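Just below is one structure, and these are the notes that go with it.
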């Protein structure tokens with residue numbers, strides 16, 4: 001199956017897995033692995049193709065591909081007065097603008113969220129493998145059986 005090339009793909013190195021991992025923000029629970037960037041992307045395209053086929057078979061709506069041109073890089077946030085004051089104090093203490101400080105905090109939070117998501121997926125896979133090995137019946141809430149290799 002040909003995957004819509006408008007879907008975003010990201011690749012990063014995982015020391016823990018000793019492999020490249022490819023992900024798609026539009027499909028955050030999917031990933032592909034490979035010993036090279038090309039292998040990880042190929043694996044992800046196969047996984048994505050299977051997911052899209054499943055979505056279609058089930059009649060589920062497909063996620064819209066991100067249009068990065070729609071993101072200006074600016075947004076407004078309403079804070080309480082105490083939050084605004086605390087951010088101002090911290091920015092002054094660091095010698096940076098409040099925008100720079102908030103950008104740093106957002107980046108750290110997004111990195112933590114991504115790491116948590118990757119860890120949760122790894123834990124689910126490990127639990128599924130252990131249950132499979134023990135011959136436990138499926139489905140177990142929140143855990144899917146991996147396709148047979």
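Numbers below:
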{"read-out": "Candidate values (i) 30; (ii) 45; (iii) 59, label of the one derived for percent of Cα pairs over 26 Å apart", "value": "(ii)"}
{"read-out": "Helix-only mean residue ellipticity at 222 nm for the chain, each DSSP H run of n ≥ 4 adding -39500 (n - 2.57), per residue, nearest 500", "value": "-17500 deg cm²/dmol"}
{"read-out": "Folded to 0 to 90 degrees: helix 37-58 orientation relative to the chain principal axis, Cα", "value": "80 degrees"}
{"read-out": "Degrees between helix 81-94 axis and first principal axis of the chain (Cα, 0 to 90, nearest 10)", "value": "90 degrees"}
{"read-out": "R0 of 30 Å, Cβ-Cβ distance residue 14-residue 62: FRET efficiency to nearest 0.05", "value": "0.65"}
{"read-out": "Global geometry of segment 14-83, whether rounded, prolate or oblate, following the gyration tensor of its Cα atoms and the 1.5 cut on a/c", "value": "oblate"}
{"read-out": "Segment 62-129: Rg to Rh, with Rh as the Kirkwood radius over Cα pairs", "value": "1.14"}
{"read-out": "Principal axes of segment 98-139: Cα extent on each, largest first, Å", "value": "55, 14, 6"}
{"read-out": "On Cα atoms only, tilt of 98-134 relative to the major axis of the chain in degrees", "value": "20 degrees"}
{"read-out": "Distance (nanometres) between label positions extended 7 Å along Cα→Cβ at residue 39 and residue 119", "value": "2.7 nm"}
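Each reported figure results from applying straightforward, stated rules to the coordinates on display, with no laboratory input. These numbers were taken from a predicted model, which means no experiment stands behind them. Every residue, glycine as well, gets a Cβ built from its backbone with ideal geometry; the counts of neighbours run over all protein chains shown.
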